[in-house]
Amino acid sequence: MKTYANRNRSGDSVIKSYIRRFLTVIAIAVPLAVPCTATAQQNPSQFIGDLGQQAIVVLQSTTGSLEQREQQFRQILAQNFDVSFIGRFVLGRSWRTASPQQQADYLALFEDFLVLTYSRRLGGYTGERLAVVAERAANERDTVVRTQIERPSATPITADWRVRATPAGYKIIDIEVAGISMALTQRSEFASVVGRNGVDGLIEVLRARAAKLSAPVTRS
Amino acid sequence: MAQLLQRLAAALVVVLAASQFAATTAKADMQPGWEAYQRGDFGKAISLWRDLADGGDARAQYNLGIMYDQGKGVARDAAQAVQWWRTAAEAGYAPAIHNLANSLIAGDGIDQDYAEAVRWLARGADQGFARSVYTLGKMYTYGLGVTADEEKALGFFTQAAELGNPRAQYNLARAYRDGDGVAQDFARAVRWYRSAAQAGDAAAQAALGQRYAKGEGVSQDAEMALYWTSLAALQRLGRAVVARAEMVQALSADVVEKIDARVAEFRPRVTTQ
């Protein structure tokens, strides 16, 4: 019994350390790759490459407060991810059984959740660069762009960006690091919340996360 | 007697000087961490605030909670965030009380406990902390940790709206528009939609645009309708994007251009709550 519990715990911690590493990579990679408004994009590699270039400009900017830069960054993030597609995918089967009101509430909150999760590390920029190394078609609509994130004092990280051609231009629909998909990871996390407390419970969790104050104070 | 007075005066001077000194150092102490944070040097900010937090400064404790919650300069650790917020909350610091309550609602870094969340929110509300007053209203709307009570919820929304909270203003406006728990009152609905819209709330901007389009609680005005609807559309609110496209069809290009220029100049009213 004891042995089983121990093994179980170590299994958990392996998964947790994977997820932590994964999130760290995402936190570094996403600020690098995202800021870009719809410019002329000939192919998905250029789309991701351009985002990387422009991200560095934003990250190195010193105008405005960190909060203003973060706000600006979140808007750009929301524009370059297919937030509603990812949101529906991540909710899985529960999307179809949710009421229209639940769907609307969830999607509005999911955008906040997504951009908050991936813009966490903005401002912690220490000279990372993103290089596109390969591209392959996943299916008729989707392309996977492989990138190397080069870091000044650490080994590079490989990240795969799943890019979909939509009527509104290319949109990122998933990121995979070390074989772990961001969308699938979130999907299992959300499924366990929905399993315990239903879709309303998940909405409540997202609402509470968004309701937290997120800026440090300097006085009062 | 004169000597006593003299001594008293001297003591008073010392006390005043000390409190003055305490006030300025408290302010100065937070500043280096703040500057490091703004530069994006999160590790430095954390170490500066940690010294203050260990010395019992509730604001520094609250700030450390933010860094752990957001994973800035450290690996995200929701449980550590909750611990720092709890310490500052127990000292009565309202922003920490608010975040601790929301961690309890989300079950983020701590077991979910609606009843305890309500107790903390009530403490924040007692201090007039608008966000906590609003969230407390929501707990009564959904019956989380308390028995659902629309009347109490509206009471809290009214209080938070008057304290300047845009979400509360929006909820209150909607209640007046629909006569939901209050006598229907379009003029009051417009007043609260306007407050929230001016603070940049997209849903409120779209709703205010619709009041102008329909002439409900305000004189019908197609230009003002376009103005507020455009501001909501800029924030990518789906229904506002659709409504704006229809409004643009019905107006001349000159008018649309004029309104677009005013939209570009919009700056949200800064809200502290």
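Read the figures in this text as sums done on the coordinates, not as results from a lab. Predicted model only: the values in this text are computed from it and were never measured. Don't worry about glycine lacking a Cβ; one is built from the backbone with ideal geometry, like all the others, and counts go over all protein chains shown.
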Under the Karplus curve 6.51 cos²θ - 1.76 cosθ + 1.60, θ = phi - 60°, whole-Hz ³J(HN,Hα) for segment A:96-108, x wherever Gly or Pro sits: 5, 8, 6, 6, x, 5, 4, 4, 5, 4, 4, 5, 4
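Mind running the shape call on segment B:131-221? Use the C-alpha gyration tensor, a ≥ b ≥ c as the square roots of the eigenvalues: rounded below 1.5 for a/c, prolate if a/b tops b/c, oblate otherwise.
It comes out prolate by the Cα gyration axes.
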Looking at segment A:110-201, which trypsin sites (Lys or Arg not before Pro) are DSSP coil and have at most 13 other C-beta atoms within 10 Å of their C-beta? A:R141
Would you compute, from DSSP H runs of 4+ residues alone, the mean residue ellipticity of chain B at 222 nm, taking -39500 (n - 2.57) per run and dividing by the full residue count, rounded to the nearest 500? -24500 deg cm²/dmol
Taking B:Y114, B:Y68, B:Y170 and counting other C-beta atoms within 10 Å, the order from fewest to most: B:Y114, B:Y68, B:Y170
Hz values of 3J(HN,Hα) by residue in segment B:134-144 - Karplus curve (6.51, -1.76, 1.60), Gly and Pro given as x: 5, 4, 4, x, 5, 4, 6, 4, 8, x, 9
